[in-house]
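Asker: My questions will all concern the structure given below.
Read the figures in this text as sums done on the coordinates, not as results from a lab. On a predicted model such as this, the values are computed, not experimentally measured, just so you know. Here Cβ is always computed from backbone atoms with ideal geometry, including for glycine, and neighbour counts include all displayed protein chains.
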Amino acid sequence: MNHDFLGKGLLLAFALGSLAGCGALSGAPPKGSEEAPEQEEAAAMRAIGAKVPGTIVWSSSRIGNHDLFTMKTDGTDVTAITKGDEVDWFPRFSPDGSKILFSRSKKGWVSERDANDSDKWDVYTVNPDGSELVKWAENASWASWVSNDEIVFVRGSKILRKKGTDGAETELMDGKGVSELDGALLQQPGLSADGKFIAITLRGSMRETGIWDIEKKTWTKTGLGCQVAWTPDGSEIYWVNPSGNGGSEVFRMPIADGKPQKELSDDELAFMDLPGRRSHEYFPQLSADGKWLVWGATQRGHDHDIADYEIYLWEVGTPAERAVRLSYHSGNDRWPDLFISGAR
C-alpha cells in the first residue's frame, strides 16, 4: 500500500479541497433552514432510534456562529444547549455521559482554520441539559477525555493532560523542535488506553495522521488524511482519508505497540464510504461500545464550519447504504458525538 499516491483526478480534488478539508476556510456560517425528510427516511430514523436509544451532541450554525445541540438517535428533540455569539465546537461526551467537553472561542466568530491559535479558545464543559457551564482550561483547544475527570488538549505546540478543573497541567509532548513533525500543527490528540501513545492529526507544514510514542519520543506515520482517533478497545485507529466516493472516506487500521500491525491495501482499510452524492465524510466518532459510528457528510463544499454537512448514524458491520441520515438542515452541522446509556 502506498498512502502517498493519489490518482490525478483525486489529487486535483484533494488540492482544491485540502485547504478546507481538515481545516475550514472563510466567513461566518449561514444559519440555513429546516428541511423535511422523505417518508422512507423518516421511517429509517424511527427504526434506528428504537434500536439504539441514546443522545447525539454536535455543533451547528443554525441559530448563530455555532452552538452545541443535542438530539435523540431518531433525530427528534433537537435542543440547543449553548447559545451566544461565541463559537462552540468539538463536543465530546464524558465516559459516563454526565458532561460534554468542548472548545469555545473567546470572542465572536472564529474559523476552524484557527483551531490551533490557542489564544482564541478556551475549553469548557457543560451538562447535556445545558446547565453548569465550567471552564476547564484557558488558551486551549482540541480537548478530549481521558477519564470522567481528566482531559488532554492542545496549547500551541504542546499536548497537555489535566485532572479536574483545578488540577495541575502535565505536558505529554511538545512538537516544537521535533524533526519528524517539522513545525506541524497538532490536532485532535487522543491518548491510548494505556497512556503510552497519542494519536494525532498533523496540519500546517505537514498533512498526515500518526502516533506519538510518549516515552520514546518517536513519531510513526499511519497515513494521509485527518481526524484520527482510537477505537474504544484501543486495538485500532480510524481516520478520514482523502479517497473514496466523494473525495473522502473513513479508514480503519489495526495497531500494536503504537505501530501498524501490517501493511494493508486501501480496500482492507476501508471502513465507511457512503454511496450516492452525499459522500464527503468527516468528523467520524465511534460509540463507546464500538458498535455505532456517527459522522457528518456533505455533497458539495468542504469547509468544516461552512458547508452543509448532515449527521449520519450507522451500525458498524452492516452495508454502508443502511446508514441513516438524522439531520435535515441547510446550516452547518459538524463534529457529532454519541452517548448510549450502558455502553460506557
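Asker: Quick one: net charge around residue 195, please, counting Lys, Arg +1 and Asp, Glu -1 for every other residue with C-beta under 12 Å from its C-beta.
Answerer: After counting each charged neighbour, the total is -2.
Asker: Could you put 82, 165 in order, starting from the residue whose Cβ has the fewest other Cβ atoms within 10 Å?
Answerer: Least crowded to most crowded, the residues run 165, 82.
Asker: Ok, one more. So between residue 299 and residue 135, what do we pick up on full extension, going 0.36 nm a residue minus the alpha carbon distance?
Answerer: Difference between extended and current length: 55.5 nm.
Asker: Between residue 76 and residue 180, what is the FRET efficiency for a Förster distance of 45 Å, r being their Cβ-Cβ separation, to the nearest 0.05?
Answerer: According to the calculation, E is roughly 0.45.
Asker: Here's another thing I want to ask about it. Using θ = phi - 60° and the Karplus curve 6.51 cos²θ - 1.76 cosθ + 1.60, what whole-Hz ³J(HN,Hα) does each residue of the stretch 91-103 get, with Gly and Pro shown as x?
Answerer: These are the phi-based 3J(HN,Hα) values: x, 9, 5, 5, x, 8, x, 7, 9, 10, 8, 7, 9 Hz.
Asker: Applying a 10 Å radius around every beta-carbon, put 55-68, 207-220 in order of their mean neighbour count, most first.
Answerer: 55-68, 207-220
Asker: Using a simple charge model, +1 on the beta-carbon of Lys and Arg, -1 on the beta-carbon of Asp and Glu, nothing else, what dipole does the chain show about its Cα centre, in debye to the nearest 20?
Answerer: 360 debye
Asker: Per DSSP H run of n ≥ 4, the term is -39500 (n - 2.57); total these for the chain, divide by its residue number, and report the mean residue ellipticity at 222 nm rounded to 500 deg cm²/dmol.
Answerer: It lands at -2500 deg cm²/dmol.
Asker: Which residue fluctuates most in the GNM of the chain (Cα springs below 10 Å): 319, 189, 128?
Answerer: Largest GNM mean-square fluctuation: 319.
Asker: Using a Förster distance of 45 angstrom, determine the FRET efficiency expected from the C-beta separation of residue 266 and residue 109, and round it to 0.05.
Answerer: 0.75
Asker: Here is a follow-up. With +1 on each Lys and Arg Cβ and -1 on each Asp and Glu Cβ, and nothing else charged, work out how big the dipole of the stretch 200-344 is about its Cα centre, in Debye to the nearest 20.
Answerer: That gives the stretch 200-344 a dipole magnitude of about 200 debye.
Asker: Say we join alpha carbon atoms closer than 10 Å with springs in a Gaussian network model of the chain; which of 171, 249, 310 then has the biggest fluctuation?
Answerer: 171
Asker: With Cβ to Cβ distances under 12 Å as the rule, what net charge do the other residues near residue 177 carry (K, R +1; D, E -1)?
Answerer: That sum, taken over residues with Cβ under 12 Å, equals 0.
Asker: Over the chain, what is the mean sequence separation of C-alpha contacts under 8 Å (at least six apart), divided by residue count, expressed as relative contact order in percent?
Answerer: Computed value for the chain: 17 percent relative contact order.
Asker: Using θ = phi - 60° and the Karplus relation 6.51 cos²θ - 1.76 cosθ + 1.60, list the HN-Hα couplings for the stretch 318-328 in order, rounded to whole Hz, with x at every Gly or Pro.
Answerer: So the Karplus estimates, Gly and Pro as x, are 8, x, 4, 5, 8, 4, 10, 7, 10, 10, 9 Hz.
Asker: Given bins 20 angstrom wide, list per bin the percent of all Cα-Cα distances in the chain, short to long.
Answerer: All Cα pairs, binned at 20 Å, distribute as 33, 62, 5 percent.
Asker: Here are some pairs, 72/291; 176/196; 31/83; 31/158; 72/120; 99/163; which of them have Cα atoms lying more than 25 Å apart in this structure?
Answerer: Check vs 25 Å cut-off fails for 31/158; 72/120.
Asker: Report the residue, chosen from 77, 85, 267, that carries the largest GNM mean-square fluctuation when the chain is represented by alpha-carbon nodes joined by springs under 10 Å.
Answerer: Looking only at 77, 85, 267, the largest GNM fluctuation is found for 267.
Asker: Just want to confirm a number: the relative contact order over the stretch 22-158, from Cα pairs under 8 angstrom separated by 6+ residues, in percent.
Answerer: 18 percent
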